[in-house]
Amino acid sequence: MCRAWRAHSEDRTRFPMSPFHRYAVSAVLLAAMAQPVLAKSTGGLIGDAIGSVARAAGNGSGSEVGQGMVSAREPAGLVSLLQDLGYRAELDVDSAGDPIIHTSAAGVGFSLYFYGCLDNRDCDSLMFSAGFDRDQPMTPAQINEWNRKTVVAGAYVDDEGDPFLESYMLTGNGIPASVFEGAMDEWEYVLGDFLDFIDW
């Protein structure tokens, strides 16, 4: 991730930000760096920080998702698109009351968690997540081999040594459906690679 930030830092397009927005972005990023990153399934500081920055920059609730666009703000639209793409997709509610979509790819089930939600609605981001209950636990050193070589999705092991693969996507008020479709293709591809990596 650091390499990607450095690669884009030299040629990024600058845009004006108000003093409030600069303060909000700085405060959220400093808070995220000052604390350990929690497992994404518990809310996650990174996901919360990015969502907070987007809302501070004016990407909050109250806007409708445009035609040909999809967003975490409209879970049913994502379910419909997934089904149109040939995936099984079921909308449910997680333990925090936020939406969650259960689906599958590469022969295994995974979930789309929703983040940046306000009162369990108006979410602004997604987390693709797949976990695997292995008979033989994996070590952090083993999973770090994956993280050193892969950009699309990061992995970690829980306290029982079971591996998880996750990928974050900020949708804000909407992204083109074709972009989400491309992300699904990329996720399915990297998920297949991960299955080989963990010998599933």
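The values are calculated or read from the model by the stated rules, or taken from the named source; none is laboratory data. Values in this document were obtained by computation on a predicted structure and should not be read as measured data. Ideal geometry is used to build each Cβ from the backbone, glycine not excepted, and the neighbour counts take in all protein chains shown.
Couple of notes before you dig in:
- Of the residues Leu85, Leu78, Leu112, the single one that is touching a strand residue (DSSP E or B) at 6+ places or on another chain (Cβ under 6 Å), in contact (Cβ under 8 Å) with a residue 60 or more places away in the chain and surrounded by 13 or more Cβ atoms within 10 Å (Cβ to Cβ) is Leu78.
- When residues of the stretch 59-75 are limited to those that are in a loop (DSSP other than H, G, I, E, B) and not small (Gly, Ala, Ser), the one surrounded by the most Cβ atoms within 10 Å (Cβ to Cβ): Arg73
- Subset of the stretch 161-200 [in contact with a Pro (Cβ under 6 Å, 6 or more places away or on another chain) and on the phi < 0 side of the Ramachandran plot]: Ile198
- Test: residue in the stretch 100-107 that is touching a strand residue (DSSP E or B) at 6+ places or on another chain (Cβ under 7 Å), modelled with pLDDT under 95 and under 30 Å from Asn173 (Cα atoms): yes
- Of the criteria (1) at pLDDT 95 or above; (2) more than 18 Å from Leu82 (Cβ to Cβ); (3) not basic (Lys, Arg), which one Val152 fails: (1)
- Residue within the stretch 85-94 that is part of a strand (DSSP E or B), under 15 Å from Phe180 (Cβ atoms) and not small (Gly, Ala, Ser) present: no
- Strands (runs of 3 or more DSSP E) wholly inside the stretch 96-188 that include at least 3 residues being β-branched (Val, Ile, Thr): 99-105
- The number of residues in the stretch 119-165 that are touching a residue at least 12 places away in the same chain (Cβ under 8 Å), over 24 Å from Leu78 (Cβ atoms) and among the small types (Gly, Ala, Ser) comes to 1.
- When Tyr156 is tested against (1) hydroxyl-bearing (Ser, Thr, Tyr); (2) closer than 24 Å to Gly68 by Cβ; (3) out of contact with any Gly (no Cβ under 8 Å at 6 or more places or on another chain), exactly one condition is not met: (2).
- Per-region count, the stretch 151-179, residues of a type outside the set (A, V, I, L, M) and more than 20 Å from Ser111 (Cβ to Cβ): 6
- Evaluated against (1) surrounded by 16 or more Cβ atoms within 10 Å (Cβ to Cβ); (2) in contact (Cβ under 8 Å) with a residue 40 or more places away in the chain; (3) over 15 Å from the mean Cα position of the chain (by Cα), Tyr168 falls short on exactly one condition, (3).
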